[in-house]
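What follows draws every value from the coordinates through simple rules; no lab data is involved. As the structure is a computational prediction, the values presented were derived from the model and not from experiment. Note that we place each Cβ from the backbone using ideal geometry, even for glycine, and neighbour counts take in every protein chain shown.
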Amino acid sequence: MKTQGIINHIVNWLTTYVESSELNGFVIGVSGGIDSAVTSCLCAKTGKPVIAMNMPIYQAKDQVSRSCDHIDWLKKKFDNVTGVDVELSFVFDGIKKCFPTDIQDDLTMANTRSRLRMLTLYAYASHHKMLVAGTGNKVEDFGVGFYTKYGDGGVDLSPIADLMKTQVYALGRDLSIIEPILKAAPTDGLWEDERTDESQIGATYAELEWAMDYLAANADSRPHGRLPVSLPVNERQKQVLTIYNGFHKANKHKMEPIPVCIIPDRLKT
């Protein structure tokens, strides 16, 4: 993979997009993970103003420290980056007080955290006339749909959504992203028990990438990606395919346009 070529391509794409939009720059949430670290660095390389936001909600200390350390690294490397810390825990507490207790299941409240961060990003973006940059990769955005609808999925543009997770790590190494982020287990940061993406999904990103390649290959009836169609699958690979297909089917509503009920002209005239 030509990482430097990809980096230059994304930076040029971001620059062209923000200039054509006649907006000032980018707002991005920094979580302490590889996706937001790479995306924020790519945005910074445009030379346009970037607001990198740390938005903890009862966050694990290591996630907060990685986020802060990355923002400090960005600010030292790029003079167009501004770091902002917005503690949202007390706001989240206020939401919990307003919501009936019978709807406050774990998943609902985890997604509420993500949507609260989205609201905050857009408040800053609106005020400063900037674009909210998304941090989803291809596996999350178009494979298993591992993101919150109208949460971290609520963005203006997606710079790394055509890259697999392993490719994002390759860009991160080429961009000299700090070592703690490169080594950290991927996590969505929406839980107080520090659960990882792998523990929630039941498969690693490398396995999910394999599943995407395998299914694409068989759908096209020709070799595709890293896996020939004729290669047999073992028991673990069968499990991964079941996991992948389950998430893809359940989350397909996130990946497709909002359904519109088209009214026949005969009923409207």
Long pairs among Lys61/Lys165; Lys61/Lys149; Lys48/Lys252, criterion Cα-Cα beyond 28 Å:
Lys48/Lys252
Of the listed peptides 103-114, 153-164, 45-56, what is their order by residue-averaged count of other C-beta atoms within 10 Å, with the highest listed first?
45-56, 153-164, 103-114
Taking Cα pairs under 8 Å and at least six residues apart, what relative contact order does the chain come out at, in percent?
19 percent
Share antiparallel - DSSP beta bridges, the chain, percent rounded to 5
10 percent
If you find the alpha carbon centre of segment 39-83 and of segment 89-158, how far apart are they in angstrom?
18 Å
So the FRET efficiency between Cys261 and Met1, C-beta based with R0 = 51 Å and rounded to 0.05, is 0.75
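Give, in nm to one decimal, the length gained when the segment between Asp85 and Phe142 is fully stretched (0.36 nm per residue of separation minus the Cα-Cα distance).
Details: separation 57, 0.36 × 57 = 20.52 nm, distance 3.03 nm.
Full extension from Asp85 to Phe142 adds 17.5 nm.
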Fewest to most Cβ atoms within 10 Å: Glu209, Glu194, Glu179 sort as Glu179, Glu194, Glu209
Measuring from label point to label point, each 7 Å out along Cα→Cβ, what is the Thr15 to Arg236 span in nm?
4.4 nm
As a test of the formula, what do you get for the chain when each DSSP H run with n ≥ 4 contributes -39,500 (n - 2.57) and the sum is divided by the residue count, at 222 nm and rounded to the nearest 500 deg cm²/dmol?
-16000 deg cm²/dmol
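Quickly rank 236-247, 125-136, 251-262 as a protection proxy: mean count of other C-beta atoms within 10 Å, highest first. Show your work: numbers first, answer last.
Values: 236-247: 15.8, 125-136: 19.8, 251-262: 9.1.
The densest-packed peptide leads the list: 125-136, 236-247, 251-262.
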Can you give the FRET efficiency for Asp105 and Ala185, using 1/(1 + (r/R0)^6), R0 = 25 Å, r = Cβ-Cβ distance, to the nearest 0.05?
0.50
So, with points 7 Å from each Cα along the Cβ direction, the Ala123-Asn251 label distance in nm works out to 2.7 nm
Three-way shape call for the chain based on the alpha-carbon gyration tensor, with the a/c threshold at 1.5:
rounded
